[in-house]
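First up is the structure itself, then whatever we jot down about it.
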Amino acid sequence: MRLKGKTIVGPATFKGGIHPNDMKAATCKRPIVDLPASKEMVYPLQQSLGVPAVPCVEVGDRVLMGQKIAEAGGFVSAHIHSAVSGTVTGIEPRMTVSGIKMNSIIIENDELDELCDDIKPLDWKKLSPKEIVDAVREAGVVGLGGATFPTHIKLSPPEGKKIEYLIINGAECEPYLTSDHRAMLETPEEIIEGMKIMLKVFGLKVAYIGIEINKPDAIKKIAEFAEKEKDVTIKVVKLKTKYPQGSEKHLIKAVTGKEVQSGKLPVDAGAVVDNIDTCAAIGRVFLYGAPLLKRIVTVSGDCIQTPSNFRVRIGTNVQDVIEHCGGFIKPAAKVIIGGPMMGVAISDVDIPIIKGSAGILGFSADMVAKKKVQNCLRCGKCVEGCPMNLLPNALKDAVIKEDFDKLNKLGLMDCIQCGSCTYVCPAEQTPLQYIRTGKAKLMKARQEAKK
Ligand code: SF4
Ligand code: SF4
């Protein structure tokens, strides 16, 4: 039985998925190093899902470390804070990870790290659930696993929806990335504090933390800290090492046995899933009064001289981070922000680290060389590997034909864009690329049908 018994339970998993080489050996034993901030810090106003934030500073203003510099632009949005003290030198379009220029606040770092007066510890035990959620919102916390969903919304389930399961995602199933692994080893107190705070918000007494079995030291460390808790129960669920084990729907299935139905959200299955470092960020809001100023970033790949894990201040230049690893030792044919499966390839490293930047990966031409694309072999490997039980090859064909009825029937919108189908294809077909295009076209067709 998965949910009863000792502190450590499992191993659990889900049907489907793939087994890429995890490539984590280069950094999983490398402790997190605090990185100095760049001289010029850049804060794109879009750093969370939803609407962009709105600047609350002007060019010429002096700002302090931890000061709010942009207000959430709506309910689904998040405040942005300066991670340095300095002067606002511009509010202007700058290149971002998405490959487009976005309005950004530029701060000239004075390197004094003069702290804002607002930064004070908060005793969450004396606060109501609503006051806790307000403090998390004020701190600009978003999902640090990459999705950047504003955390205050996750902590505010819709009226009538009861949360039964709080699940913390320590799977870190993306190859190469080890930032969550290191966070579990180095900041377990902050993670456990974050879990206790979230348990209070949801009125629960039991929380689950899912960790893949390729991180036995993290399982042991978190279990040791979990066992010290007297007022709440924290269960560590061992997960089989499989991609995409960290996807919300698959983690819920593995931990609770419950399915999140097509078109539904985790909250419909009574579950909230949050990433390890997000949970630690919630802990830090109360332990130190800290807004979201830093995140852990894994820098790896065959082009990087010294693959490492860094605690990077948000706004720091990606090129500066790479240089702290000794720079590229050979030409990088591909640089990815995030993991190799779901990350974003960038063409320009002169962009800032934002709240959702979990990794920087540099790969040489040897690593990214592709074989010649062949016709689909109808081998079914993409179907076997799809964790959502979809037919990726059929989806691809329907996208090419723009057959929207068929795309709806095939469940296009259920695709979680994990990339497993593209990864396993022996013919070098790229179903995910077509699926992304198909989703955009289907959304447009639905909007036009509504007019
Ligand atoms: S990208 Fe979509 S279709 Fe492909 S394996 Fe993942 S969920 Fe299935
Ligand atoms: S894995 Fe590739 S070759 Fe095999 S059925 Fe899928 S798309 Fe076709």
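The values are calculated or read from the model by the stated rules, or taken from the named source; none is laboratory data. Predicted model only: the values in this text are computed from it and were never measured. So basically every Cβ, Gly included, is an ideal-geometry build from the backbone, and we count neighbours across all protein chains shown. The area values use the complete protein model at the heavy-atom level, side chains included, leaving out ligands, DNA and RNA. Shrake-Rupley method; radii C 1.70, N 1.55, O 1.52, S 1.80 Å.
Taking the listed residues P52, P31, the one that is without any contact (Cβ under 8 Å) to a residue 60 or more places away in the chain, under 21 Å from the mean Cα position of the chain (by Cα) and open to solvent by 50 Å² or more (accessible area, probe 1.4 Å) is P52, with no other qualifying. Of the residues making up segment 400-416, not a single one is within 30 Å of T27 (Cβ to Cβ) and of a type in the set (S, T, N, Q).
Scanning segment 360-398 for residues that are of a type in the set (A, V, I, L, M), open to solvent by less than 20 Å² (accessible area, probe 1.4 Å) and within 11 Å of ligand 1 (Cβ to nearest atom) turns up L390, L395. The condition (being within 16 Å of ligand 2 (Cβ to nearest atom) and under 16 Å from Y243 (Cβ atoms)) is satisfied by just one residue among P340, P426, P387: P387.
Checked against (1) closer than 29 Å to A53 by Cα; (2) in contact with a Leu (Cβ under 9 Å, 6 or more places away or on another chain); (3) not in a loop (DSSP other than H, G, I, E, B), I168 passes all but a single condition, namely (2).
Filtering segment 291-325 to residues that are more than 13 Å from L35 (Cα to Cα) and either open to solvent by 40 Å² or more (accessible area, probe 1.4 Å) or not hydroxyl-bearing (S, T, Y) (or both) leaves P291, L292, G301, D302, C303, I304, Q305, T306, P307.
For segment 250-282, the set of residues classified as surrounded by 24 or more Cβ atoms within 10 Å (Cβ to Cβ) and assigned to a helix (DSSP H, G or I) consists of H250, L251, I252, A254, V255, I276, D277, T278, C279, A280, A281, I282, listed by residue number. Does V285 fit the bill of being away from ligand 2 (no atom under 16 Å from the Cβ), open to solvent by less than 60 Å² (accessible area, probe 1.4 Å) and part of a strand (DSSP E or B)? Spelling it out, it is not the case that V285 is away from ligand 2 (no atom under 16 Å from the Cβ), open to solvent by less than 60 Å² (accessible area, probe 1.4 Å) and part of a strand (DSSP E or B). With respect to the stated conditions, M413 is within 30 Å of V142 (Cβ to Cβ) and away from ligand 2 (no atom under 16 Å from the Cβ). Just to verify a result, which residue in segment 1-21, among those that are over 20 Å from E227 (Cβ atoms) and open to solvent by 60 Å² or more (accessible area, probe 1.4 Å), is modelled with the lowest pLDDT? Ranking the qualifying residues of segment 1-21, first place goes to K15.
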